[in-house]
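The values are calculated or read from the model by the stated rules, or taken from the named source; none is laboratory data. What you see is a predicted model; the values in this text were computed from it and never measured. Backbone-built Cβ (ideal geometry, glycine too); neighbour counts: all protein chains shown.
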Amino acid sequence: MMVDIWGEDKVRAFCEMNAFKYRMRIGLKPDEPIDREIEKAIWYEKKAVELNAKRFKVGDVVEVLMVDVNHEEYVDELSYFLEGTYTIQKLSHDDTVLLGNRHGEWWFPIEWLEKLEK
């Protein structure tokens, strides 16, 4: 019902914010068990990923918006390969996609992608 009213993008953002909220308040509410807070955060995270995955299909042209900040030392070396657009070659059940361009094929987390209008 929420998707019908506000659309997938807004509901996905709502889920992402709720997941953040539950993670930030873990252990702060005296009447709420920690396990329950974690369960709520995980539910919202999974729902956000599910809504994000619906945006893409094989053959879509996308660009990569993010790189892993934990591996910043590789960004300069990879920036040549990360620039430009990719075509989705394959969708996986673990929320990653196989992207291809003139340099080859790589797996990326789906949340790093932005769909380009055709």
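Scanning region 44-60 for residues that are at pLDDT 85 or above and of a type in the set (Val, Ile, Thr) gives a single hit, Val58. Considered as a group, the residues in region 3-27 that are touching a helix residue (DSSP H, G or I) at 6+ places or on another chain (Cβ under 9 Å) and outside any helix (DSSP H, G or I) include one that is farthest from Ile110 (Cα to Cα), and that residue is Gly27.
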